[in-house]
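Notes follow once the structure below has been shown.
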Amino acid sequence: MLTEERQKYILEQLSHQKIIKTQTLVTKLDASESTIRRDLQEMEAAGLLKRIHGGAKQLMKLDTEPDMLEKSSKNLHEKQIIAKYASDLVKNGDFIYLDAGTSTYEMIPFLKGKEIHVITNSVYHANALVNLSIPTMIIGGTIRLKTKAVINAFSVQQLELLRFDKAFLGINGVDANAGLTTPDPDEAIMKSTAIQQSEQLIVLADASKFNKVSFAKVAEIDAGLILTNSLPEEDHAIYTQLTTIKELVL
């Protein structure tokens with residue numbers, strides 16, 4: 001088989017699965033291990049994949065930020081299950097921070113009746129909270145038209161004056177190496193500041209957020225408790241070693 005044919009096959013396999021083993025390629029392509037290693041070296045140099053011990057994996061593309069409407073329609077059932085569990089962690093008397101995002105938005109119906117104070121940087125969240133007669137403070141600043149989140153330097157200054165019992169954050173990317181990430185650097189600063197001002201961090205991340213990396217880092221993966229409905233099968237052992245992750249049974 002020609003080099004181009006082998007490498008095309010490797011790319012096709014990686015488009016369906018994130019990791020492929022060298023020995024699997026040796027068997028499937030009827031090629032020597034040295035030939036496969038050479039193929040993988042050439043493909044890594046060309047920016048087509050990343051070599052790992054015993055094989056290769058897909059290159060991760062940085063995610064962009066979808067708008068609130070687009071995000072709200074994705075994985076809704078999973079988000080609601082996670083949100084219900086997260087809301088059970090809220091106790092009477094708590095001052096909690098809910099950052100902008102559809103996962104934290106799904107917590108709001110479950111907070112009704114609790115004797116709490118909520119601080120948020122989301123216009124959507126503030127409106128829903130007030131409609132349920134939940135004492136609410138909204139952070140001031142510039143409203144992002146795409147996400148309806150309030151984010152700028154003034155917003156960060158306000159957060160730095162407050163303290164929370166718990167901060168509940170949505171996140172765009174969760175990766176064992178890259179940590180918690182989001183596309184917007186200003187939003188990353190807001191999230192990081194909320195973490196610093198909170199006694200406890202709870203991150204709501206459905207299965208689609210794992211093995212994803214966005215542009216701006218928020219925190220290390222072990223910065224707080226991460227709630228999810230499912231972990232990636234291929235990296236399940238890696239993530240389950242982290243005591244900061246709880247995989248909910250749906």
field: Flag if THR240 is free of Cβ contacts under 8 Å to residues at least 12 places away in the same chain and of a type outside the set (Phe, Trp, Tyr)
entry: yes
query: Does any residue of segment 200-208 turn out to be touching a helix residue (DSSP H, G or I) at 6+ places or on another chain (Cβ under 6 Å), free of Cβ contacts under 8 Å to residues at least 60 places away in the same chain, under 25 Å from LYS91 (Cβ atoms) and part of a strand (DSSP E or B)?
result: yes
Among (1) crowded, with 18+ Cβ neighbours inside 10 Å; (2) closer than 20 Å to ALA86 by Cβ; (3) touching a helix residue (DSSP H, G or I) at 6+ places or on another chain (Cβ under 9 Å) - the single one GLN197 does not satisfy: (1)
message: Would you confirm whether or not segment 94-106 contains a residue that is in the same structural domain as LEU201 (by TED's automatic domain parsing) and farther than 22 Å from THR193 by Cα?
response: yes
- prompt: If you take the residues in segment 239-250 that are farther than 15 Å from LYS209 by Cβ and β-branched (Val, Ile, Thr), which one is modelled with the highest pLDDT?
  reply: THR240
query: Can you tell me which residues in segment 147-162 are of a type in the set (D, E, K, R) and surrounded by 13 or more Cβ atoms within 10 Å (Cβ to Cβ)?
result: LYS148
query: Is it the case that segment 22-30 has a residue that's under 20 Å from ASP235 (Cβ atoms) and either in a loop (DSSP other than H, G, I, E, B) or in contact with a Cys (Cβ under 9 Å, 6 or more places away or on another chain) (or both)?
result: no
- request: Give me a count of the residues in segment 149-159 that are out of contact with any Ser or Thr (no Cβ under 6 Å at 6 or more places or on another chain) and part of a loop (DSSP other than H, G, I, E, B).
  value: 1
query: Of all residues in segment 144-170, which are within 15 Å of GLY101 (Cβ to Cβ), free of Cβ contacts under 8 Å to residues at least 60 places away in the same chain and β-branched (Val, Ile, Thr)?
result: VAL150, ILE151
Checklist (1) at pLDDT 95 or above; (2) over 19 Å from GLU247 (Cα atoms) applied to LEU169, failing item: (2)
- request: Considering only segment 94-135, state which residues are touching a Lys or Arg at 6+ places or on another chain (Cβ under 6 Å), surrounded by fewer than 23 Cβ atoms within 10 Å (Cβ to Cβ) and of a type in the set (Ser, Thr, Tyr).
  value: TYR124
- request: Working carefully through the options LEU76, LEU62, LEU69, find the one that is of a type in the set (A, V, I, L, M, F, W, C), at pLDDT below 95 and more than 16 Å from the chain's Cα centre (by Cα).
  value: LEU69
Condition met for ASP175 (under 30 Å from ALA237 (Cβ atoms), among the acidic types (Asp, Glu) and either outside the structural domain of LEU111 (by TED's automatic domain parsing) or modelled with pLDDT under 95 (or both)): yes
- request: Take segment 125-149 and flag every residue that is modelled with pLDDT of 95 or more and either among the aliphatic types (A, V, I, L, M) or under 24 Å from the mean Cα position of the chain (by Cα) (or both).
  value: HIS125, ALA126, ALA128, LEU129, VAL130, LEU132, ILE134, MET137, ILE138, ILE139
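The values are calculated or read from the model by the stated rules, or taken from the named source; none is laboratory data. Here the structure is a predicted model, which means the values were calculated and not measured. Neighbour counts are summed over all protein chains in view; Cβ atoms, including those assigned to glycine, are modelled from backbone coordinates with ideal geometry.
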